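The next block holds one structure in the form of structure tokens; read it before the comments.
The values are calculated or read from the model by the stated rules, or taken from the named source; none is laboratory data. In this text the structure is predicted, and so the values were computed from the model without any measurement. Note that each Cβ is placed from the backbone with ideal geometry, even for glycine, and that neighbours are counted across all protein chains shown. SASA here: full protein model, heavy atoms, side chains in, ligands and nucleic acids out. Shrake-Rupley method; radii C 1.70, N 1.55, O 1.52, S 1.80 Å.
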Amino acid sequence: MISYFVYTIISLGCSYLVYVVLLRKQKTFQFNRFFLIGSMILCFAAPFFEFEFLDAVPRITEITVENFDETKEVNHDIESLVLKETKSIHSSNKSALFYIYLVITLFFVFRFFKNLFKIYKHTRICYKRLGSLKLIKCNDSDLVSSFFNYMFINENHRLTNAEYLSILKHESVHSKHLHTIDIILSELFICVFWFNPFTWLYKKVILQNHEFIADEISVLSGIDIEKYSKTIINLGKQDYRIPLTSGFNFIQIKNRLIMLHQKKSSVLNQALKITSVILLFAGIFVFSSYKDLKKPIVVVIDAGHGGKDSGNKTDVKEKEITLEISNLLASYSNDKIKIIQTRTSDEFISLNQRSKIVNNANADLMISLHCTSNKDNSINGVEAYYKDDNDNKDTSYNYSEVLIENKFNVFSKSRGIKVANFYLLKNVNCPAIFLELGFLSNKEDKAILTNTFKREVIAKSIFESLNKIRSSK
């Protein structure tokens with residue numbers, strides 16, 4: 001999520017810079033409007049789309065694990081380990097920053113709906129119809145403004161016929177061109193992305209561009225430009241209008257007057273700048289496709305048991321199931337998620353050696369795969385274990401939650417997340433998870449674990465969970 005917020009700040013900042021440099025002083029107001037709205041939507045939506053432009057790039061080769069010299073064999077049977085706690089853990093994993101963000105967001109949402117309600121109350125006042133506009137006189141605003149086809153004006157204003165005609169034409173443009181939609185959209189983005197300074201700057205330039213559009217169309221309709229300019233100056237002295245409305249008055253009067261009297265650029269100059277803007281749009285999409293090219297996460301998959309240690313067994317051995325799923329996961333290794341295995345064949349590797357493999361790989365996550373059993377053959381489902389008294393406890397729990405969430409798309413039951421004191425959980429330097437992939441003592445789970453197709457589904461589901469974990473980093 002943090003990477004998404006950073007991406008939106010960078011991309012929206014680049015878009016704003018291009019607008020200021022290339023478009024702000026151009027009299028391509030309609031194009032500018034669609035650029036501002038389109039680029040804002042694009043910058044916030046693009047991270048949700050991934051364009052596989054880079055499929056032709058060779059994937060990063062899986063790191064080869066060096067063979068360790070034979071050491072004194074230390075056999076730590078899982079059965080001999082004592083669980084520190086057997087009950088499922090249910091805790092809140094949201095950070096303080098999340099709640100701060102939520103509180104501030106709710107404040108802005110409340111403010112948004114409060115302003116909408118304020119406008120709604122004004123629309124209940126008796127109005128006078130002037131063409132497509134509904135004129136409402138009120139005391140709540142010093143400025144002339146509009147909300148869709150509602151036009152608000154202070155009842156104490158004393159206007160000449162020329163000023164009244166200019167205002168009417170100006171607000172009619174806002175209404176006809178649905179500028180209120182742009183304002184509402186920018187306000188909604190501010191509610192969610194209030195921390196992004198460029199959302200506030202975007203709102204400002206969107207409102208300014210609305211005024212440029214209304215000014216230009218009003219003058220082109222036949223209103224004298226000098227009289228119109230005088231009206232802007234006279235009514236521009238006020239400083240408050242109803243929120244969420246388009247206003248005839250705008251604080252940057254100087255910019256409006258300059259733009260009103262400025263001549264259009266040459267067709268060639270406009271075409272070159274518009275082309276540059278279109279290239280920016282393409283660049284944002286390319287940027288979105290490259291966003292996942294951050295440093296890959298390294299995941300060590302430990303296939304439990306091996307060699308003389310068969311693990312839990314009935315007519316099928318646990319070590320064979322875990323190895324096959326581990327090998328399937330390794331086949332999915334790519335430039336985003338690099339899979340390293342503690343063993344690739346039926347060999348015995350001590351727990352001490354396994355922990356060294358994990359630590360030497362500088363792994364971001366270790367998952368040890370196992371199957372379990374119980375005297376009560378009615379017990380079934382998947383469960384995860386983690387250690388809750390080290391620096392990685394929160395991350396280990398969060399990753400366990402992701403891995404256990406979908407129960408690998410095949411198991412009917414999840415037995416939750418539990419705390420354990422297993423050797424590997426204690427002796428690796430990264431977040432570590434012990435996954436029990438069902439009960440071989442249960443008929444239903446055993447049928448799943450001994451089915452080749454189901455094993456592949458389990459492996460794919462674990463890898464999908466790893467993608468979610470990577471996205472959350």
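Check whether at least one residue in region 420-436 is assigned to a helix (DSSP H, G or I) and more than 16 Å from MET366 (Cβ to Cβ), and report yes or no.
No.
If we keep just the residues of region 114-136 that are under 18 Å from VAL173 (Cβ atoms) and part of a loop (DSSP other than H, G, I, E, B), which is farthest from the chain's Cα centre (by Cα)?
In this case the residue turns out to be GLY131.
Before we move on, is LYS387 more than 20 Å from LYS319 (Cα to Cα), open to solvent by 40 Å² or more (accessible area, probe 1.4 Å) and touching a Lys or Arg at 6+ places or on another chain (Cβ under 7 Å)? Write out each step before concluding.
Working: more than 20 Å from LYS319 (Cα to Cα): yes; open to solvent by 40 Å² or more (accessible area, probe 1.4 Å): no; touching a Lys or Arg at 6+ places or on another chain (Cβ under 7 Å): yes.
Here the answer is no, as LYS387 does not meet what is asked.
Among helices (runs of 4 or more DSSP H) lying entirely in region 139-229, which contain 2 or more residues that are among the acidic types (Asp, Glu) and crowded, with 21+ Cβ neighbours inside 10 Å?
Answer list for region 139-229: 197-220.
Out of region 355-369, which residues are touching a Phe, Trp or Tyr at 6+ places or on another chain (Cβ under 7 Å) and either open to solvent by less than 10 Å² (accessible area, probe 1.4 Å) or free of Cβ contacts under 8 Å to residues at least 24 places away in the same chain (or both)?
Once the filter is applied, which keeps residues that are touching a Phe, Trp or Tyr at 6+ places or on another chain (Cβ under 7 Å) and either open to solvent by less than 10 Å² (accessible area, probe 1.4 Å) or free of Cβ contacts under 8 Å to residues at least 24 places away in the same chain (or both), region 355-369 yields LEU365, SER368.
Under 6 Å between Cβ atoms, at least 6 apart or on separate chains: pull out the pairs that start in region 25-41 with a residue that is more than 20 Å from LEU260 (Cβ to Cβ) and end on any residue that is at pLDDT 85 or above and acidic (Asp, Glu).
The qualifying pairs are ILE37/ASP182.
All but one of (1) open to solvent by 50 Å² or more (accessible area, probe 1.4 Å); (2) of a type in the set (Ser, Thr, Tyr); (3) part of a helix (DSSP H, G or I) hold for SER412; which doesn't?
Unmet for SER412, out of (1) open to solvent by 50 Å² or more (accessible area, probe 1.4 Å); (2) of a type in the set (Ser, Thr, Tyr); (3) part of a helix (DSSP H, G or I): (3).
Could you grab me the full set of residues in region 343-353 that are assigned to a loop (DSSP other than H, G, I, E, B), open to solvent by 10 Å² or more (accessible area, probe 1.4 Å) and among the polar types (S, T, N, Q)?
Once the filter is applied, which keeps residues that are assigned to a loop (DSSP other than H, G, I, E, B), open to solvent by 10 Å² or more (accessible area, probe 1.4 Å) and among the polar types (S, T, N, Q), region 343-353 yields THR344, SER345.
Can you tell me which of (1) in contact with a Ser or Thr (Cβ under 8 Å, 6 or more places away or on another chain); (2) among the polar types (S, T, N, Q); (3) in a strand (DSSP E or B) is the one SER441 doesn't meet?
All conditions are met except number (3).
Just for region 135-171: of the residues that are farther than 18 Å from ILE119 by Cα and polar (S, T, N, Q), which one is modelled with the lowest pLDDT?
Ranking the candidates gives ASN156 first.
How many residues does region 427-473 contain that are open to solvent by less than 30 Å² (accessible area, probe 1.4 Å), basic (Lys, Arg) and at pLDDT 90 or above?
Summing the residues that are open to solvent by less than 30 Å² (accessible area, probe 1.4 Å), basic (Lys, Arg) and at pLDDT 90 or above in region 427-473 gives 1.
Which one is modelled with the lowest pLDDT, of the residues in region 321-336 that are open to solvent by 20 Å² or more (accessible area, probe 1.4 Å) and out of contact with any His (no Cβ under 9 Å at 6 or more places or on another chain)?
That would be ASP335.
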